[in-house]
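Colleague: Pasting a structure here, questions to come.
Taken together, the values in this text are just the output of simple stated rules run on the coordinates, not laboratory data. Because the structure is predicted, anything quoted here is derived from the model rather than measured. Neighbour counts are summed over all protein chains in view; Cβ atoms, including those assigned to glycine, are modelled from backbone coordinates with ideal geometry.
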Amino acid sequence: MPLGSAETVSLAGMMGSGKSTVARELARLLGRRFVDTDAEVERLARRPVAAIFSERGEAAFRALERQVVCALSGPLVVALGGGAFCDPGNAGHLLHVGRVIFLDVSAGEASRRLGDGGGRPLVRQWDALLRARLPLYRRATLTVAVDGSSSDAVARRLAGLLGAAP
């Protein structure tokens, strides 16, 4: 079914799945505004995600993230933080306002992409997080495997799946 003009497209998945890069390119292809929820949390808190985790803890970060996610609607392409779609309230809202696409990445591919983790607070827990999050990610509207594909190729594929192939 073609994408509605007011639908929000949100990309969910683990660290290293390419959510931000793919979402930025998909937004360009669809002519929509790009939003990165982690960047919005940083703007709201006036500090980096890593500092929020270390100074205030994960619960404080998740509260800010819920605030950002619940404000999303309209013709956007959104890169969600890795745990954002795992929150039931966030998931319900995102599925109500549009489509959620789970970018499925293997541990090996994510490790290659992340290198030393780039200052991400939860990177050392990747395997455990995937086990916990996978059933939650499976609630997404679509699942797309991303291993071995460039961000541009994934974005073009998503545009086609959304009925808006460039």
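Colleague: Cut-off 15 Å, label point 7 angstrom out along Cα-to-Cβ of Ala153: give me the residues of the stretch 61-82 whose amide nitrogen falls inside.
Modeller: none
Colleague: Mind putting a number on the dipole of the stretch 8-161 about its Cα centre? Charges go on the C-beta only, +1 for Lys and Arg and -1 for Asp and Glu, and I need it in Debye to the nearest 20.
Modeller: With only Lys, Arg, Asp and Glu charged at Cβ, the dipole is about 240 debye.
Colleague: Determine the calculated [θ] at 222 nm for the chain from helices alone, applying -39500 (n - 2.57) to every DSSP H run no shorter than 4 residues and normalising by the residue count; nearest 500 deg cm²/dmol.
Modeller: -15000 deg cm²/dmol
Colleague: Can you give the direction-averaged projected area of the convex hull of the alpha-carbon atoms in the stretch 48-110, in nm²?
Modeller: The directionally averaged projection comes out at 5.1 nm².
Colleague: Given an 8 Å cut-off on Cα distances and at least 6 residues of separation, report the relative contact order of the chain as a percent.
Modeller: Computed over the chain, the figure is 37 percent.
Colleague: Which value results for Rg/Rh of the chain when Rg is the Cα radius of gyration and Rh the Kirkwood radius based on the inverse mean 1/r? Don't jump to the answer; show the numbers that get you there.
Modeller: Details: Rg = 14.9 Å, Rh = 15.8 Å.
With Rg and the Kirkwood Rh in hand, the quotient comes to 0.94.
Colleague: Tell me the net charge near Ala164. Cut-off is 11 Å between Cβ atoms, Ala164 excluded, with +1 for each Lys or Arg and -1 for each Asp or Glu. If you can, show how the numbers build up before the last one.
Modeller: On the way: positive: Arg32, Arg156; negative: Glu7.
Value of the local net charge: +1.
Colleague: Further, regarding this structure: Test of understanding: given the chain, find the longest segment containing no trypsin sites (Lys or Arg not before Pro) that are in a DSSP loop and have at most 12 other Cβ atoms within 10 Å.
Modeller: In the chain, the maximal stretch lacking such sites is 47-137.
Colleague: Please list, in order along the stretch 4-9, the HN-Hα scalar couplings obtained from phi with the Karplus expression 6.51 cos²θ - 1.76 cosθ + 1.60 (θ = phi - 60°), rounded to whole Hz, x for Gly and Pro.
Modeller: x, 5, 9, 6, 8, 10
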